[in-house]
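Throughout, read-outs are computed from the coordinates displayed, never taken from laboratory work. Note that this is a predicted model, so its numbers are computed, not measured. All Cβ positions, glycine included, derive from the backbone under ideal geometry; neighbour counts span all protein chains shown.
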Amino acid sequence: MDRPTGDDATLLSAWRAGDAEAGNALVTRRMDEIIRFFRNKVASESDVADLVNQTFLGCVAAKDSFRGDTSFRRFLYQIAQNVLFTYIRKRSKRAREDLDFAVVCVQELAPQSASSILTRRRETAALVQALRQISVEDQVVLELMYLEGWTGSQIAESLDLPEGTVRGRIRRGLARLRERVELELARTGEPVTVTAEDLERWAAEVRGRAEAGGER
């Protein structure tokens, strides 16, 4: 039996009409990027599969209420981001507080934990780890920019944010990221000044390996 084809909207429409194969095709199409969305934002690698499952279960539960007036990607990423924020609230030592995701970072969840994105190069390892040390809001947009290769407008559309807000988070996040990468590199060798071009080059290496399903 041939796998259903078409754009996201076509597959979603067929899924809502009862075509389970169309739903499977749509989930499969978006599975890898949702795995990448969570991989560097968890306290343990074992949490990734659970968060991915929660996201797609949420998608299944809400598919009939999705009116189609936005993209399926926005619908999916809204669910993924809500799943992430709920996870962080539960894992945070400040779980009873109203967390500010412009301040709280993933590293606070488990200070001794390391990223599940493994990389042998000192520079790329520093970049991946530093992303966990900036605020969640900044980490989300920078990882979509660096590790998915999205533009500011694509990020804004997918996260349902004004483009100006996204660009502000990118500027703020880059300043913090450069500082954290320099500190990480200083811990493992000679101090170095990191440029925006350095970050782009190292991120491209991480993205290439992630898309290929390998590690560097």
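Would you calculate the separation in nanometres between label points at Asp19 and Asp98, each defined as 7 Å from the Cα along the Cα-to-beta-carbon direction?
4.5 nm
Hey, with R₀ at 41 Å, roughly what FRET efficiency would Ala62 and Glu200 work out to, going by the Cβ-Cβ distance, to 0.05?
On the way: r = 36 Å, r/R0 = 0.87.
Computed FRET efficiency for Ala62 and Glu200: 0.70.
Using only helices, what value at 222 nm comes out for the chain when you add -39,500 (n - 2.57) per DSSP H run of length 4 or more and divide by the total residues, to the nearest 500 deg cm²/dmol? Before the final figure, lay out the partial values.
On the way: 9 runs with 138 residues, N = 216.
Mean residue ellipticity at 222 nm (helix-derived): -21000 deg cm²/dmol.
Hey, if you drop one equal point scatterer on each alpha-carbon of the chain and run the Debye formula without solvent, what base-10 log of I(q)/I(0) do you get at q = 0.10, 0.13, 0.17 Å⁻¹?
Treating every Cα as an identical point scatterer, log10 I(q)/I(0) equals -0.46, -0.77, -1.25.
I need the calculated FRET efficiency for the pair Ala9 and Ser44, taking r as the beta carbon distance and R₀ as 25 Å, to the nearest 0.05. Before the final figure, lay out the partial values.
Values: r = 36 Å, r/R0 = 1.42.
Using R0 = 25 Å, I get an efficiency of 0.10.
Give me the three principal axis extents of region 100-216 from the C-alpha atoms, as integers in angstrom, largest value leading.
40, 32, 27
Counting only C-alpha contacts under 8 Å and six or more residues apart, can you give the relative contact order of region 34-96 as a whole percent? Please report the intermediate quantities before stating the final value.
Details: 26 pairs, mean separation 20.5, N = 63.
Here the relative contact order equals 33 percent.
Need the full-extension length gain, Ser71 to Met31, defined as separation in residues times 0.36 nm minus the C-alpha distance. One decimal, nm. Working shown, then result.
Details: separation 40, 0.36 × 40 = 14.40 nm, distance 1.63 nm.
So the extension gain works out to 12.8 nm.
Write down, largest first, the equivalent ellipsoid semi-axes of region 1-48 in whole Å, where each equals the square root of 5 times an eigenvalue of the alpha-carbon gyration tensor.
Details: eigenvalues 153, 18, 17 Å².
Square roots of five times the eigenvalues give 28, 9, 9 Å.
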